[in-house]
1. Please work out which residue is nearest to the chain's Cα centre (by Cα), limiting yourself to the range 165-174 and to residues that are farther than 14 Å from ALA120 by Cβ and in a strand (DSSP E or B).
2. May I ask you to list the residues in the range 133-164 that are among the β-branched types (Val, Ile, Thr) and assigned to a loop (DSSP other than H, G, I, E, B)?
Amino acid sequence: MNMDRLRRREHGAVATDREPRREVDLSGYAVLDDGTTFGLSVVDLSYDGCKVETEIALLPGLKLKVSILGLGGAIAATVRWSKDGTAGLIFSAAGSAKASQKPRQHQRLELTAQVSLRRAGREHYQARLFDLTPTGCKVEFIERPKAGELLWVKFTALDSLEAIVRWVDGFYGGVEFARPIYPAVFDLLVARLRP
């Protein structure tokens, strides 16, 4: 156990293995189960949760939906801790996203690489690739699309591939290429992406 975690435990804080958080300055709002809506500011963000500032006291265990302006959609979350106008939220797993996935035609090759993504009418941005098959891949979204949305995936030295977003879970998602990558091209691409 590292010294940081030991010190947190000594001071009564819960030690958790969580995704690294990035400092951000984003506006948004939250909706409670009873329909109450209130504004909030997101001050740090990771794939599994965020830290928010709000004028409303949030109690640990409270369930809510958070919408961050510009990212689209609402994320189910639970308050983990709250203190002096700030609160830590953990995003709830989106079970329906995984349940709606269709069976895979190909075994996924796990690899980490960079790809370029572009939504219709938007600029390209760099994103992480986590796995790949001739018919699709799992990527990290910065601009989170909706399931069914069309986008383009570009690998270095290849033309952009038209793809359809099949599922979104937090900032991760699966896309299906409109046309499968030919086997010989796929083998060359995998060889280039692997270190």
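Values in this text are rule-based calculations from the coordinates and carry no lab data. Remember, predicted model here, so these are calculated numbers, not experimental data. Virtual Cβ from ideal backbone geometry, glycine too; neighbours counted across all protein chains shown.
1. The qualifying residue nearest to the chain's Cα centre (by Cα) is TYR172.
2. Listed by number, the residues that qualify are THR135, ILE142, THR156.
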